[in-house]
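Student: Structure below; questions to follow.
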Amino acid sequence: MNPSIADNIARVRAQIEAACQATGREPGSVHLLAVSKTWGGDAVRQAHAAGQTAFGENYIQEAVDKITALRDLPLEWHCIGPIQSNKTRLVAEHFDWVHSVDRLKIAQRLSEQRPEHLPPLQVCIQVNVDGGDNKSGVSPEELHALAQAVAALPRLQLRGLMTIPEPAETEAQMRAVHAQAKALLEALRQQGLPLDTLSMGMSADMAAAIAEGSTMVRVGTAIFGQR
Ligand SMILES: *Cc1c(COP(=O)(O)O)cnc(C)c1O
């Protein structure tokens, strides 16, 4: 076994714990999603041997091949990349979670195509909080209507929001964007949606995201190395 993946996971987990302690949060309240895109099954096996069970993937076909090859392990697979209409069936059949729902049409297809023998697909809506151009994600203005419609779909379970902030220059700017995402989640909860997930924070902005209420950080490079 390559010791570095295990070492990296231990280091990232320690960083998560430190960020939780710094802001008075329970260490168990922030989940680590290991982003394994572009890495092969061997790397995922090493991460699993180090205690990691949740993995994030961006490219659907690559992910499906990996998921199929790793069926012998009890892993949880999260789709975090853009989804074209012609890929929804693969996603519905192979993943446990989708973080990147940003259109009702995609959500409807995922619900229709989710196989009966599997539990509901766990989903987050991707929201474009800071309005970056050419970025996927629903605008904050359109979020409420989309969230209500997605929550009503029978084979999906809406869990929360996902966001990918633009790189910011200062810690304060970063935290302001994270705080906006948290406020959007709280507003949806006020409307009666039972949401518990805020997928935000990557290697560079993990501590800021945790300080503002992230419940799931998505880390690739710091675990597996440069892609
Ligand atoms: C690639 C990716 C990550 C992980 O990024 P790293 O810089 O490798 O830690 C997290 N979230 C999304 C949506 C990604 O596409």
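Student: If you wrap a convex hull around the C-alpha atoms of the chain and split its volume per residue, what is the figure in Å³? List each step's numbers first, then the result.
Tutor: Numbers: hull volume 27.8 nm³, N = 227.
Dividing the Cα hull volume of the chain by its residues yields 122 Å³.
Student: In whole Å, what is the distance between the alpha-carbon centres of segment 65-132 and segment 160-220?
Tutor: Comparing the Cα centres of segment 65-132 and segment 160-220, I get a distance of 20 Å.
Student: Just check segment 24-110 against the gyration tensor rule for me: Cα atoms, a ≥ b ≥ c as the square roots of the eigenvalues, rounded for a/c under 1.5, and otherwise prolate or oblate depending on whether a/b exceeds b/c.
Tutor: Oblate, because a/c is 1.5 or more while a/b does not exceed b/c.
Student: Among Met202, Met216, Met174, which one shows the biggest mean-square fluctuation in a GNM of the chain, springs joining Cα atoms closer than 10 Å?
Tutor: Met174
Student: Alpha carbons only, please: Rg and Dmax for segment 87-207, in angstrom.
Tutor: 14.5, 47
Student: Using a Gaussian network for the chain with springs between C-alpha atoms less than 10 Å apart, which of these wobbles most: Cys79, Cys124, Cys20?
Tutor: Evaluated over the chain, the most mobile residue of the options is Cys20.
Any read-out appearing in this document is the output of simple, stated calculations on the displayed coordinates, not a laboratory observation. None of these values were measured; they are calculated from a predicted model.
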